[in-house]
Amino acid sequence: MFNKSSEPPRNKRLKRIEGISFNQLAPNIVTTIGLCGGLIGIHYALSGHFKSACIALLVSFFCDGLDGRVARILKASSKFGAEYDSLTDFMAFGVAPALIVFLWSSHNHDSLNFAFIPSLMYAVCMALRLARFNVMQEEPTGLGEYSKHFFSGVPAPAGAGLALFPVFLGLAEQQIGADWLVPYTHSEILCASSLIITALLLVCTLPIWSVKHFRVPKYFLLPFLLLAAIYVAVFVAAPWATLAGMGVFYLLLIPTSCYFFKKWRETDGR
């Protein structure tokens, strides 16, 4: 028979394991997936599989838009998460696109000795843009309420999308069977121009539209949903052409953002 004295008391509860809850880990898990997307994109680009590389970066795009929202919903925002997200953005939207575009431009021919310079410039400007963003988060801008609708310079994910324009265009031409046009998208001039222009847009101080505080008016709700449905249908049918077209459309929006920023600043100053 067992000795009753050796049995643990029934009213004694097991000690709770101290540690970090899943709610606190969830945003960092999403960020880690985004980081892996950038690294996997580099792996596929080195293997010459540019379509798979771009798909991996699209995963990083999705995770970048999701991790902050998850952190706010679960009330799990932290200094560590913010720094980790910034480092992930540099890898996924700075290093990975720079390397992918460089490899794309030299895919079918030997690249020139200085062909890596635009990629280097783009990656450095991405690091500077992210560093400036982190500083601006902690320091007041001194601008009015209207400033929350704008970024200072092109944000990191949009910059990556603009830099990848030649790759998106080439993949779109492959999809529609216009293979004779693909070599033109491998042009070093096109790839270098895409990287250099994007690098300058990253570090400039132009006001760029931000969708973080975007609100859809009630009277425009149905047309907005219709446009969203059309966009999804077009994206599913021709994803690479849609992404390339979005890059052009985004550039065309920059003058409008500058106009409204100036107009609202003048109104706020009265």
Restricting to segment 230-249, and then to whatever is β-branched (Val, Ile, Thr) and touching a helix residue (DSSP H, G or I) at 6+ places or on another chain (Cβ under 7 Å), can you tell me which residue is nearest to Leu164 (Cα to Cα)? Thr242
Would you tally the residues in segment 89-108 being buried (at least 21 other Cβ atoms within 10 Å of the Cβ) and among the β-branched types (Val, Ile, Thr)? 2
If we ask which residues in segment 1-48 are at pLDDT 95 or above and either farther than 30 Å from Glu83 by Cα or outside any helix (DSSP H, G or I) (or both), their number turns out to be 0
Can you name every residue in segment 191-206 that is free of Cβ contacts under 8 Å to residues at least 60 places away in the same chain and surrounded by 18 or more Cβ atoms within 10 Å (Cβ to Cβ)? Leu201
Members of segment 175-190 that are within 25 Å of Val236 (Cα to Cα) and buried (at least 16 other Cβ atoms within 10 Å of the Cβ): Val182, Thr185, His186
Tell me, which residue of segment 61-88 that is among the polar types (S, T, N, Q) and not in a helix (DSSP H, G or I) is surrounded by the fewest Cβ atoms within 10 Å (Cβ to Cβ)? Ser78
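In this structure, is Lys212 surrounded by fewer than 17 Cβ atoms within 10 Å (Cβ to Cβ) and in contact with a Lys or Arg (Cβ under 9 Å, 6 or more places away or on another chain)? Reasoning before the result, please.
Values: surrounded by fewer than 17 Cβ atoms within 10 Å (Cβ to Cβ): yes; in contact with a Lys or Arg (Cβ under 9 Å, 6 or more places away or on another chain): yes.
Here the answer is yes, as Lys212 does meet what is asked.
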Go over the candidates Val236, Val167, Val154 one by one and state the one that is modelled with pLDDT of 90 or more, closer than 20 Å to Ser60 by Cα and in contact with a Lys or Arg (Cβ under 8 Å, 6 or more places away or on another chain). Val154
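The values are calculated or read from the model by the stated rules, or taken from the named source; none is laboratory data. Note that the structure is predicted; figures quoted are calculated from it, not measured. Because the Cβ atoms are built from the backbone with ideal geometry, glycine has one as well, and the counts that use them run over all protein chains shown.
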